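To keep things clear, I will list the structure first and then write my remarks on it.
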Amino acid sequence: MPHTPSHPSHGSLTIGDSYVPTSGNGGYTVSSYDLDLDYRVANNRLAATAVITATATHELTRFSVDFCGLVATRVTIDGVAPSKLVESARKLTITPAKTIPAGQEFVVTVRYGGSPRPVRSPWGELGWEELSEGVLVASQPSGAPSWFPCNDHPSDKASFRIRIAAESSYSVLANGRLVSKVRRASRTTWTFETVEPMATYLASIQIGVYRELVLSRVPVPQTVLAPASVMARAQKDFADQEKMLALFERSFGPYPFGEYSVVVADDDLEIPVEAHGFAVFGRNHIDGLGGSERLIAHELAHSWFGNSVTATTWKDIWLHEGFACYAEWLWSEESGGPTVHRLAHQHWARLSHLPQDLTIGDPGPEKMFDDRVYKRGALTLHALRVTLGDDAFFELLSSWATENRYGNVTTEGFYLHARDRSSVDLDALFESWLFSERLPVLPR
C-alpha cells in the first residue's frame with residue numbers, strides 16, 4: 001500500500017498533528033499523571049495540583065504543556081522554579097532553570113485553579129462541562145487541557161492517578177480502579193488509579209447524583225451509574241451488555257481493562273461518548289425499550305478499538321470508529337437482528353447515494369467525525385472479511401487487538417498486519433476502500 005502515515009515531529013512546542021495543530025507537544029514523553037483535584041460543584045471552582053513525570057526525547061531548553069482556561073499559580077521542575085513561564089490561550093510554556101538532557105526523566109508540578117469550562121474547537125466545545133447536577137468530561141479529541149495540564153495527543157499515553165474531592169452528596173467516577181474513598185464532614189475524596197497506558201482525551205471525571213447498579217461481575221465488574229429517575233429503564237437497556245462483552249471477547253480477544261461502567265447523565269446529550277474503562281450516555285438515550293442498543297454495543301467495542309488500541313494520529317480515526325461500527329453489526333446478528341451481510345449492503349446502498357468526496361484513510365479534520373468514516377470503515381472490514389473468510393478475518397481482529405494492546409497503531413500497520421496473514425494480495429482492497437473517494441463495489 002503506497003500510503004505511508006505521517007509521524008509526529010519533535011518540535012518543542014508542537015507534536016505536528018495537522019488535524020489538531022494546537023494540541024500535543026514535542027520533545028518529551030509522559031509516563032504518568034498524578035492529579036489532585038478539589039472541586040466545588042456549587043460554584044464550579046477547582047483547586048488542583050498536577051504532577052507530570054516525563055522523559056526528554058532530546059535536549060530541552062524549553063517545552064510546553066497543553067493548558068486552557070485555568071491559571072497556573074506555581075510551577076516547578078524537579079522541585080526548582082523555572083527561569084521563565086509563559087501562559088497563553090492554549091499552552092503553558094516552561095523554560096527550565098537548567099537544560100534537561102536527552103533521555104533524562106523529570107517531574108513537572110503545576111499548581112493551578114479556576115472555573116473549568118469546555119475548550120472551543122472545530123468539533124464543538126470539549127472537555128469539562130457543567131451539568132444541571134454535576135459534571136461531565138468528554139474530551140475527544142482536544143479537550144483534556146480544560147481540566148489538567150498535559151501532552152494532549154493520543155500518541156503519548158501514560159498511567160494516571162486521579163484524586164478528586166467533592167461534596168459528599170455527589171457520586172464520582174474517574175478512570176481505573178477505585179482504590180480509596182474517604183469521607184470527612186461534608187466532602188468525600190475519591191482516588192482512582194489507571195495502570196494501563198491511557199490517552200489524555202480518554203481521561204474523564206463524571207460527577208452526579210447517581211445510584212449504582214451492578215450488572216455483572218464476570219468476566220469483569222460491570223456497573224451502571226444513573227439518576228434514580230431513570231435507573232429502572234437503564235437496567236432494562238443495559239441488560240444484554242454482559243452478552244455483548246462475551247461476543248466481543250470471542251471476536252476481539254480478552255476485554256483489556258479491569259472493569260467497565262456506564263454513566264447515564266441527568267441531562268440530554270447529543271451522542272454517547274467513550275472513556276477509558278467506561279462510557280457516558282444522556283438520559284435521552286435511555287428509554288427502557290432498547291432504543292440505544294446499537295450505541296451501547298458501539299461504546300463497549302471502543303474498549304478494544306480506541307481505548308486500548310489507539311490511533312497514533314487523528315487521521316487514522318477509522319481504526320476506532322469503523323471497528324466499533326462493525327461491532328454494532330456483529331451484535332445485531334448475534335442478538336437476532338439483521339445480519340452483518342444485510343447491514344453491510346444496506347449501508348453500502350445508502351452511502352452510494354451520498355457525496356463521494358472523502359477518503360476515510362485521511363478524511364481531513366473537518367470530516368474526521370463524519371458518519372461516512374464510521375460506516376465506510378465498517379464496510380472496509382466487511383470487504384476484508386469476505387476476501388479472507390471468517391476464520392482468517394476474526395483471527396486477524398483478535399491478534400490485532402491483542403498484539404497492540406495499550407499501544408498506538410496506524411493504518412499502515414493494520415495493512416501490514418493483514419497482509420502478513422493473507423495469501424491474497426490486499427493492496428487494491430485497501431487502496432480503494434481507504435484512499436479513493438469513489439465508493440468501491442462491495443464484494444459478495
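Bear in mind these aren't lab numbers, they're just calculated from the coordinates by the rules spelled out. Keep in mind that what you see is a predicted model, and the values were worked out from it rather than measured. Neighbour counts run over all protein chains shown; Cβ positions are idealised from the backbone, glycine included.
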- Item | Cut-off under 5 Å, modelled amide H: who pairs with residue 216 long-range | 222
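Starting from the exponent 0.38 and prefactor 2.2 Å, build the expected Rg for segment 311-435 from its residue count and divide its actual Cα Rg by it.
On the way: Rg = 14.0 Å, N = 125, 2.2 N^0.38 = 13.8 Å.
Here the Cα radius of gyration is 1.01 times the empirical estimate.
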- Note on the structure: Compactness summary of segment 211-303: radius of gyration and Dmax from Cα atoms, Å, are 12.1, 36
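Counting DSSP beta bridges in segment 177-317, what percent are antiparallel, to the nearest 5?
Numbers: 15 of 25 bridges.
Antiparallel bridges make up about 60 percent of those DSSP assigns within segment 177-317.
Rounded, prolate or oblate: pick one for segment 329-402, where a ≥ b ≥ c are the square roots of the eigenvalues of its C-alpha gyration tensor, a/c under 1.5 means rounded, and failing that, prolate if a/b is larger than b/c, else oblate.
Oblate is the answer for segment 329-402, as a/c is 1.5 or above yet b/c matches or exceeds a/b.
Given +1 on the Cβ of Lys and Arg, -1 on the Cβ of Asp and Glu, and no further charges, what dipole in debye does segment 311-435 carry about its Cα centre, rounded to the nearest 20? Mind showing how you got there, number by number?
On the way: 11 positive and 19 negative charges, 50 e Å.
Using only the charged Cβ atoms, the result is roughly 240 debye.
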- Query: Tell me, what ³J(HN,Hα) does each residue in segment 394-406 have, in order and in whole Hz, if you take phi through Karplus 6.51 cos²θ - 1.76 cosθ + 1.60 with θ = phi - 60° and put x for Gly and Pro?
  - Reply: 6, 5, 4, 4, 5, 5, 4, 5, 7, 5, 9, 3, 6
- Query: Residue separation times 0.36 nm, minus the C-alpha to C-alpha distance between residue 99 and residue 43: what's the value?
  - Reply: 16.1 nm
- Task: Would you mind checking which residues have amide H under 5 Å from residue 279's amide H? H placed 1.01 Å from N; only 5 or more apart, or other chain.
- Result: 261, 262, 263
- Message: Which one, 345, 277, 18, projects farthest toward the positive side of the charge dipole computed for the chain from Cβ point charges (K/R +1, D/E -1)?
- Response: 277
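Per DSSP H run of n ≥ 4, the term is -39500 (n - 2.57); total these for the chain, divide by its residue number, and report the mean residue ellipticity at 222 nm rounded to 500 deg cm²/dmol. Write out the running numbers ahead of the final one.
On the way: 9 runs with 111 residues, N = 444.
Helix-only estimate at 222 nm: -8000 deg cm²/dmol.
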- Task: First check a/c for segment 36-91, with a ≥ b ≥ c the square roots of the eigenvalues of its C-alpha gyration tensor; if it is under 1.5, answer rounded, and if not, answer prolate when a/b is larger than b/c or oblate otherwise.
- Result: prolate
- Note on the structure: With 0.36 nm assigned to each residue of separation and the Cα-Cα distance removed, residue 178 to residue 390 gains 72.4 nm
- Item | Protection proxy ranking of 303-313, 365-375, 132-142 - average other beta-carbon atoms within 10 Å, highest first | 303-313, 132-142, 365-375
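For a Förster distance of 45 Å, can you work out the FRET efficiency between the beta-carbons of residue 249 and residue 18, rounded to the nearest 0.05? Write down the numbers at each step before the final one.
Numbers: r = 36 Å, r/R0 = 0.80.
About 0.80, to the nearest 0.05.
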- So, over other residues within a Cβ distance under 15 Å of residue 209, counting Lys, Arg +1 and Asp, Glu -1, the net charge is -4
- Query: Which residue, chosen from 358, 413, 210, occupies the Cα position most advanced towards the positive end of the dipole of the chain, where the dipole is computed from +1 (Lys, Arg) and -1 (Asp, Glu) charges on Cβ about the Cα centre?
  - Reply: 210
- Message: Below 8 Å between Cα atoms, with a sequence gap of 6+, how large is the relative contact order for the chain in percent?
- Response: 12 percent
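For the chain, take the convex hull of the Cα atoms, compute a quarter of its surface area, and give me that in nm², please. Don't skip to the end; give the middle numbers.
Working: hull surface 82.4 nm².
Mean shadow area of the hull around the Cα atoms is 20.6 nm².
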- Could you pull the Rg and Dmax for segment 163-318, using just the Cα atoms, both in Å? 15.4, 48
- Note on the structure: Residue-ordered couplings for segment 75-80, obtained by feeding phi - 60° into the Karplus form 6.51 cos²θ - 1.76 cosθ + 1.60 and rounding to whole Hz (Gly and Pro as x), are 9, 9, 10, 6, x, 10
- Note on the structure: About its Cα centre, the chain carries a charge dipole, from +1 on Lys and Arg Cβ atoms and -1 on Asp and Glu Cβ atoms, whose size in debye to the nearest 20 is 1020 debye
- Give a residue-ordered list of calculated ³J(HN,Hα) values for segment 374-382 (Karplus: 6.51 cos²θ - 1.76 cosθ + 1.60, θ = phi - 60°; whole Hz; x for Gly, Pro). 5, 6, 5, x, 5, 5, 4, 5, 5
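Highest mean first, how do 268-275, 256-263 rank when packing is the count of other Cβ atoms within 10 Å averaged over residues? Please list the in-between numbers first.
Working: 268-275: 17.6, 256-263: 20.4.
Descending mean neighbour count gives 256-263, 268-275.
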- Message: Under a Cβ-only charge scheme (Lys and Arg +1, Asp and Glu -1), can you give me the dipole magnitude of segment 28-208 about the Cα centre, in debye to the nearest 20?
- Response: 440 debye
- Query: Whose amide H sits under 5 Å from the amide H of residue 131, counting only residues 5 or more places off or on another chain, with H placed in the peptide plane?
  - Reply: 136
